[in-house]
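The values are calculated or read from the model by the stated rules, or taken from the named source; none is laboratory data. Remember, it's a predicted structure, so these values are computed and weren't measured experimentally. All Cβ positions, even for glycine, are placed from backbone atoms using ideal geometry, and neighbour counts span all protein chains on display.
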Amino acid sequence: MSKAARGEKSRVISTTGRNPRRGDSSRSFGMTLSCVRILAICGTRPDTVKMAPVVMELQKHPEEVQVCLAVTGQHREMLAQVLSAFSLVPDYDLEVMTDRQSLASLSCKVLDGLDKVIDEFHPDLVLAQGDTTTTFIASLASFYHKVPFGHVEAGLRTGNRMNPFPEEMNRRLAGCIADLHFAPTAAARDNLLREGVPECDVYVTGNTVIDALLSTAARPYEFADREISSALGSGRVILVTMHRRENWGDPMREACAAVRDIVEKYPDVKVIFSVHKNPIVREVVFPELSRVDRVLLIEPPEYVPFVHLMKNSYLVVSDSGGVQEEAPSLGKPVLVLRTTTERMEGVEAGSARLVGTDRGTIVREASRLLDDVGAYRDMSRVQNPYGDGKTSERIWDIIKKRFS
């Protein structure tokens, strides 16, 4: 039974002071264990969405696995929303988030906190997802404790270690440390093999985000917010999200200008812009768009309403990696506000298109989908290359076999 079901609260681990060492926490796949102790770690909203199905799958097998969930709090409010959506209560909460902290400060606090968690829980395996600072530091903490590390959503690459920054290096470094690589696609697997990862340690599983998405989209949902409900009920809605570090400043202003151009050009189009909590994002978006007719700026929705926003939108414009994977399963074309992406499968399949942040390019590509029914149909009917909703089951089967 989960902590949420028992009504329990997370244990807060301080990132100051130290716990005494409690013996050797070294583990290996060579041992046979009747009950595998797994520490699952996440810190941001996107990686929590993707780790939640894995944790929930592990919780189905209490006789074979003891699962412990630790969150760093790299995203504070948005993290809590996702945990609530999946009825998960973490066993440990590092609470590392402070306003405008540097990557160095964040990394130090996460490493110190996870060092204490691993000391106390003594896992046989540590799992983390994707390319966040939390994930890289989780792999490093596992290495320091000689505990095997499993990387969920392994093998994504752009080929440019500075773009996206710091995510590209986060996932490369985590990949250097990982013992198990759960690659979402064959292309991700091939990236790992080219880097010299042993083939026996790489598994193509699909992406856990599709597990989360399909189960959530199937739930009935009605929007309590009248403005959102009204927008979705009249005309075509473009859903916009933007948050990536490389798009801060002028690139984000260019994208906002494109939004203004689109609603001016198409009287039946409304834009719902989910504005990230980061003050650097808000300092641009609100001055640029807050007084524009038919542009609705909203606080980042909780995960369940966000899925239903995508489901009821005509088109999605975003720099989010997760959205690139999710929207195709809902039949929604994605215009990607980036010049590179580690998720080329969607671009190659035709469900996503890289448009960068140039104002004219964004307007042109959005207009193509708003004007050309055939072009829209071609993008919306592509089979999602990222998964079938059974990824978490595959990950558990792999872990079970490796420890048996």
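Scanning the stretch 106-124 for residues that are under 20 Å from R11 (Cβ atoms) and aliphatic (A, V, I, L, M) turns up V110, L111, L114, V117, I118.
When V197 is tested against the conditions (1) within 18 Å of L330 (Cα to Cα); (2) touching a strand residue (DSSP E or B) at 6+ places or on another chain (Cβ under 9 Å), the lone failure is (1).
Checking each residue in the stretch 207-248 for being within 21 Å of L83 (Cα to Cα), surrounded by fewer than 22 Cβ atoms within 10 Å (Cβ to Cβ), touching a helix residue (DSSP H, G or I) at 6+ places or on another chain (Cβ under 7 Å) and hydrophobic (A, V, I, L, M, F, W, C) picks out L214, A217, F223.
None of S234, S230, S215 is in a helix (DSSP H, G or I), at pLDDT below 95 and over 27 Å from S392 (Cα atoms) except S230. Quick one: is G150 touching a Leu at 6+ places or on another chain (Cβ under 6 Å) and under 30 Å from V336 (Cα atoms)? The answer is yes for G150. Can we say T98 is at pLDDT below 95 and out of contact with any helix residue (DSSP H, G or I) (no Cβ under 7 Å at 6 or more places or on another chain)? Here the answer is yes, as T98 does meet what is asked. Taking only pairs six or more apart or across chains, which ones have beta-carbon atoms under 9 Å, a first residue in the stretch 354-381 that is of a type in the set (F, W, Y), and a second residue that is outside any helix (DSSP H, G or I)? As it stands, the answer is Y376/Y314; Y376/L315; Y376/P333, since those pairs meet every condition given. Cβ-Cβ contacts under 7 Å between residues 6 or more apart (or on different chains), taken from a first residue in the stretch 227-238 that is assigned by TED's automatic domain parsing to the domain that holds L297 and on the phi > 0 side of the Ramachandran plot to a second residue that is part of a loop (DSSP other than H, G, I, E, B) and exposed (fewer than 13 other Cβ atoms within 10 Å of the Cβ), are listed as G235/D268. What residue, of L337, L315, is closer than 24 Å to N163 by Cβ, among the hydrophobic types (A, V, I, L, M, F, W, C) and buried (at least 24 other Cβ atoms within 10 Å of the Cβ)? Step by step, each of L337, L315 is checked, and only L337 is closer than 24 Å to N163 by Cβ, among the hydrophobic types (A, V, I, L, M, F, W, C) and buried (at least 24 other Cβ atoms within 10 Å of the Cβ).
Every residue, every condition in (1) crowded, with 24+ Cβ neighbours inside 10 Å; (2) at pLDDT below 95; (3) under 19 Å from S320 (Cβ atoms); (4) of a type outside the set (K, R), yes or no:
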{"residue": "V110", "(1), (2), (3), (4)": "yes, no, no, yes"}
{"residue": "P123", "(1), (2), (3), (4)": "yes, no, no, yes"}
{"residue": "L140", "(1), (2), (3), (4)": "no, no, no, yes"}
{"residue": "N163", "(1), (2), (3), (4)": "no, yes, yes, yes"}
{"residue": "E168", "(1), (2), (3), (4)": "no, no, yes, yes"}
{"residue": "L173", "(1), (2), (3), (4)": "no, no, no, yes"}
{"residue": "I177", "(1), (2), (3), (4)": "no, no, no, yes"}
{"residue": "L180", "(1), (2), (3), (4)": "no, no, no, yes"}
{"residue": "P198", "(1), (2), (3), (4)": "no, no, no, yes"}
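Checking each residue in the stretch 308-326 for being part of a helix (DSSP H, G or I) and either over 13 Å from the mean Cα position of the chain (by Cα) or on the phi > 0 side of the Ramachandran plot (or both) picks out H308, L309, M310, K311, N312.
Residue-by-condition table, conditions (1) outside the structural domain of T241 (by TED's automatic domain parsing); (2) more than 28 Å from N163 (Cα to Cα):
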site	(1), (2)
E325	no, no
E342	no, no
V347	no, no
R359	no, no
A366	no, no
L370	no, yes
I395	yes, yes
